[in-house]
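Here's the structure we're looking at; comments come further down.
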Amino acid sequence: MLNPLPIRAITLDLDDTLWPIWPTIERAESALQQWLQVHAPATAMLLRDDAQRKAIRQRVHLQWPGMSHDLTFLRRASIRLALQMAGEPPDLDEPAFEVFFAARQSVTLYPEALDALARLSAHFPVLSLSNGNADVHRVGLGPYFTGMVTAREVGHQKPDVRIFQHAAERLAMPPEAILHVGDDWALDVLGGLAAGMQCAWINRHEQAVPDHPPTMRWQMFTDLKALCERLGLAADR
């Protein structure tokens, strides 16, 4: 078993843990571009240029350095700036963002993710813990989760220990009794360990193992199925 103390709850990262994020973002950006071509064609033309898109994102980050935890704000601000630069109505940023956001919730789960969620949620309360702006209810996974914690809500992003502490408070459990599961070594594992949690690193892409040997407080797994097997959670029959 993974746990030096009995695990009583799971906090679970979303992007690149349950589904690959970049295909999702590419589809959402494509949906946004199609909408802009109809409603704001000059902006669509502007955003076809990779260098312009990158420059707009950089300007927004420089203008709002304290908002890096809020990807919804940054995306909407980038759309608004692009509209202004193209000479089109900036108040189109709201409907344009909604097109992007709706498409961003259309995800393709990793093959084992749904079964693993069913196993985990049958034994533990599962709380999503993400820097991103996916909504587990709009994604269609709401029944497997007891709630959501986002960087936008908390005002701090992983690996800041405060977002993990907020999650522990929501679960009304000590951090030591919570297993945080995620794909990012720095954000999920180091952040979770610093907050006192146990951690499972889902290393799907054979990233180099850091100079931090596995201990009873963290382990590495190739996918969520392997984690379930280590926890002794049988598949539903």
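Numerical summary
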| quantity | calculated |
| --- | --- |
| Proximal charge balance of P90 [Cβ under 14 Å; K/R count +1, D/E count -1] | -2 |
| Note, ³J(HN,Hα) from phi for the range 102-118, Karplus 6.51, -1.76, 1.60, rounded to Hz, x at Gly and Pro | 4, 5, 5, 7, 8, 10, 10, 5, 4, x, 8, 5, 5, 4, 5, 4, 4 |
| Computed helical MRE - 222 nm, the chain, DSSP H runs ≥ 4 contributing -39500 (n - 2.57), nearest 500 | -13500 deg cm²/dmol |
| Cut-off 11 Å between beta-carbons: net charge of the residues surrounding E153, Lys and Arg +1, Asp and Glu -1 | +1 |
| Residue among G142, G87, G155 with the largest mean-square fluctuation in a Gaussian network model of the chain, springs linking Cα atoms under 10 Å | G87 |
| Angle between the chain longest axis and helix 161-171 axis [Cα atoms, degrees, rounded to 10] | 70 degrees |
| Under-5 Å amide H pairs with V149, H placed in peptide plane, nonlocal only | S128, L129, S130 |
| Footprinting exposure proxy for R80, R152 (fewest neighbouring C-beta atoms within 10 Å first) | R152, R80 |
| Point-to-point label distance, D49-E29, nm (Cα→Cβ direction, 7 Å offset) | 1.6 nm |
| Ranked list, fewest to most other Cβ atoms within 10 Å of each Cβ, for K225, K158 | K225, K158 |
| Net charge of Cβ neighbours under 15 Å - reference L190; Lys, Arg +1; Asp, Glu -1 | -3 |
| Long-range HN-HN contacts of H180 with modeled amide H, under 5 Å | T11, Q198, C199, A200 |
| Between 0 and 90°, nearest 10: helix 21-39 axis offset from the chain longest Cα axis | 20 degrees |
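Throughout, read-outs are computed from the coordinates displayed, never taken from laboratory work. Bear in mind the structure is a predicted one, so any value in this text is a computation, not a measurement. No Cβ is skipped: glycine too gets one built from the backbone with ideal geometry, and neighbour counts run over all protein chains shown.
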